[in-house]
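Trainee: I'd like to ask some things about the structure below.
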Amino acid sequence: HNAAAVNHATAYAGLKEANVGSLVRAIRLAHGLEAANRKPVHVAFVSTAGVCGRRACHDAQAPPRIEMAAVDGANGYVQGKWVAERLIENANAAARSAGAPARYSIFRPGAISGHSVTGDCNIGDSLNRYLVGFRLLGLAPPLPDMRVRVDMSPVDWVAGAIGGIATQEAGGAAPRE
């Protein structure tokens, strides 16, 4: 599940239906498909590294659970992703309490850049807008510290990694919650 309304200036209430309601519907769809086909359905939820704030979690085996206080002052987009992550945790807990395996995963990619071959990207994304602008101008603003890094991964790589991990999990490996 990768659908989201990304707007860092909109309050949570304005994004709730698109960013949380869509996940609720995806979970209901998964339950319906499981009941109809008698086969487990895996849902991979794409969250945001913004839920972590500035907390480093590079070596974590699974995304750490972030307490509500950490996103209290965050924008509505990050708050919505935080709520959606709690829904995933609750769905996994309900599955486990019913004796079933957890079937919902959380992925928190960092900044996603354009396609590694074509360069196609979400031009509405602020980072991509900056990069396109720098390219069109032929220059970028100087940085006070040239050691500053912006970690970005090409969209095709991120999609392939999430799809590959989710496919392994759907085949029986433990989900990344």
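The values are calculated or read from the model by the stated rules, or taken from the named source; none is laboratory data. This one's a predicted model, so the numbers in the text were calculated from it and none came from an experiment. Every residue, glycine as well, gets a Cβ built from its backbone with ideal geometry; the counts of neighbours run over all protein chains shown. For accessibility, only protein heavy atoms count, side chains too; no ligands or nucleic acids. Shrake-Rupley method; radii C 1.70, N 1.55, O 1.52, S 1.80 Å.
Trainee: Compare the peptides 160-168, 133-141 by average per-residue count of other Cβ atoms within 10 angstrom and give them in order, highest first.
Mentor: For the peptides 160-168, 133-141, the packing ranking is 160-168, 133-141.
Trainee: Ordered by packing density, taken as the mean number of other Cβ atoms within 10 Å over each peptide's residues, highest first, how do 44-50, 118-124 rank?
Mentor: 44-50, 118-124
Trainee: Here's something else I'd like to know. Averaged per residue, what accessible area in Å² does region 111-170 show with a 1.4 Å probe, protein chains only?
Mentor: I get 77 Å² per residue for region 111-170.
Trainee: Can you run phi through the Karplus equation (6.51, -1.76, 1.60; θ = phi - 60°) for region 86-96 and list ³J(HN,Hα) in whole Hz, with x for Gly and Pro?
Mentor: For region 86-96, the Karplus-derived couplings read 5, 4, 4, 4, 5, 5, 5, 5, 5, 5, 4 Hz, x marking Gly and Pro.
Trainee: Near the amide H of residue 45, under 5 Å away, which other amide H atoms are found, from residues 5 or more places off or on another chain, if H is placed in the peptide plane?
Mentor: Long-range HN contacts for residue 45: 105, 106, 107.
Trainee: Shifting gears a bit: On the protein heavy atoms, probe 1.4 angstrom, tell me the percent of accessible surface of region 78-162 carried by carbon and sulfur. Could you put the intermediate results ahead of the total?
Mentor: On the way: 3310 of 5380 Å².
On region 78-162, the fraction of accessible area on carbon and sulfur atoms equals 61 percent.
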